[in-house]
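This report refers to the structure that appears directly beneath it.
Just so it is clear, none of the values below were taken in a lab; they were calculated from the coordinates. On a predicted model such as this, the values are computed, not experimentally measured, just so you know. Every residue, glycine among them, receives a Cβ derived from its backbone with ideal geometry; neighbour counts consider all protein chains shown.
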Amino acid sequence: MGIHINPSILSADFADLTGELQRIRNADMAHVDVMDNHFVPNLTFGPPVVERIHAVSPIPLDAHLMIEDPDTWAPVYAEIGCQSVTFHLEAAAAPVRLARELRAAGARASVAVRPATPIEPLIDLLPEFDQVLIMTVEPGFGGQKFLDVCLPKIRRMREAISASGLDVMLQVDGGVSASTIERAVDAGANVLVAGSAVYGADDADAAIASLRATAERVAEH
């Protein structure tokens with residue numbers, strides 16, 4: 001499946017999102033954290049802003065919806081052009097139906113779990129998803145420390161995906177940096193979301209290239 005680096009624009013300068021998106025044009029996708037101040041204690045973007053981000057972004061959007069009632073709102077993000085839409089298992093009333101709606105709208109269907117949420121309920125449902133996101137911090141804020149306690153869960157999900165024979169991507173989001181990416185990839189992640197590790201660098205393109213090179217080296221072994 002290869003390694004994918006998806007920088008989170010949560011760490012970008014919101015006053016110049018067009019310029020900040022250009023800084024990561026060599027990434028695979030731009031990770032857009034949608035927060036509603038209910039599911040998580042923070043408030044970021046809604047559909048009108050994400051639609052505008054999609055219009056100016058040089059790369060596809062990977063929308064991560066940390067919101068209540070994704071059953072209603074997630075398809076909206078697919079319709080405005082997000083290539084991948086992630087909703088939280090904890091918030092969805094009907095995750096299989098929602099995943100099918102996202103696929104029908106032309107987006108990759110992705111499901112996320114918080115650090116304390118077990119992955120076992122997802123294993124039998126893997127054919128319904130294109131990606132599983134395992135949070136390695138508590139969602140809501142950027143710049144948090146990577147939780148190594150999540151590594152066994154990443155390994156179990158990688159084993160389940162491999163056993164299924166499906167082309168399901170395994171994303172990790174939270175505290176991914178030059179010092180943690182090796183552990184995440186070694187555990188089985190192949191889509192890495194990095195915020196401050198990219199936008200905190202003077203040269204975001206070089207930071208992306210360095211993270212990608214490290215991840216690919218680990219993945220080859």
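Between Val96 and Asp202, the simple spin-label model (points 7 angstrom out along Cα→Cβ) gives 5.4 nm.
Within 15 Å, Cβ to Cβ, of Leu43, how many net charges do the neighbouring residues add up to if Lys/Arg are +1 and Asp/Glu are -1? Mind dumping the intermediate values first?
On the way: positive: none; negative: Asp33, Asp36, Glu68.
It works out to a net charge of -3.
Since only Ser162, Thr44, Thr117 are under comparison, the one whose Cα sits farthest along the positive direction of the charge dipole of the chain, derived from C-beta charges on Lys, Arg, Asp and Glu, is Ser162.
With both residues required to sit in region 2-118, DSSP beta bridges show an antiparallel share near 5%. Considering helices alone, the calculated mean residue ellipticity of the chain at 222 nm is -10500 deg cm²/dmol, with DSSP H runs of length four and up weighted by -39500 (n - 2.57) and normalised per residue. Dipole magnitude for region 4-219: computed about the Cα centre from +1 point charges on Lys and Arg Cβ and -1 point charges on Asp and Glu Cβ, it is near 400 debye. Please find, in a Gaussian network model of the chain (springs between Cα atoms separated by less than 10 Å), the residue of Val34, Val76, Val111 whose mean-square fluctuation is greatest. Evaluated over the chain, the most mobile residue of the options is Val76. Would you mind counting up the charge near Met169? Only other residues with Cβ under 13 Å from its Cβ, with Lys and Arg at +1 and Asp and Glu at -1. Taking every Cβ under 13 Å from that of Met169, the sum is -3. Share of pairwise Cα-Cα distances greater than 18 Å in region 1-54 is 35 percent (whole percent). Once each of the trypsin sites (Lys or Arg not before Pro) sitting in a DSSP loop with at most 15 other beta-carbon atoms within 10 Å is removed, the chain keeps 26-144 as its longest stretch. Explain nothing, just the number: relative contact order of the chain, from Cα pairs under 8 Å at least 6 residues apart, as a whole percent. So the answer I get is 21 percent. Solvent-free Debye calculation, one equal scatterer per alpha-carbon of region 114-210: log10 I(q)/I(0) at 0.10, 0.15, 0.18 Å⁻¹ equals -0.27, -0.58, -0.80. For the pair Ser164 and Glu216, what calculated FRET efficiency results from E = 1/(1 + (r/R0)^6), where r is the Cβ-Cβ distance and R0 = 25 Å, to the nearest 0.05? Computed FRET efficiency for Glu216 and Ser164 comes out at 0.60. Simple spin-label estimate for Asp124 and Asp71 gives 2.0 nm between the two label positions (7 Å along the Cα-to-Cβ direction from each Cα). Calculated on C-alpha atoms, the gyration radius of region 45-98 divided by its Kirkwood radius gives an Rg/Rh of 0.97.
Using 0.36 nm per residue, how much length does the chain from Gln22 to His38 gain when fully extended, once their Cα-Cα distance is taken away?
Numbers: separation 16, 0.36 × 16 = 5.76 nm, distance 3.09 nm.
Result: 2.7 nm gained on full extension.
When DSSP beta bridges are restricted to pairs lying wholly in region 4-219, around 5% turn out antiparallel. Over the C-alpha atoms of region 4-219, the Rg to Rh ratio, Rh being the Kirkwood estimate, stands at 0.93. Using the Karplus relation 6.51 cos²θ - 1.76 cosθ + 1.60 with θ = phi - 60°, the per-residue 3J(HN,Hα) values for region 68-76 come to 7, 6, x, 4, 7, 9, 4, x, 4 Hz, with x marking Gly and Pro.
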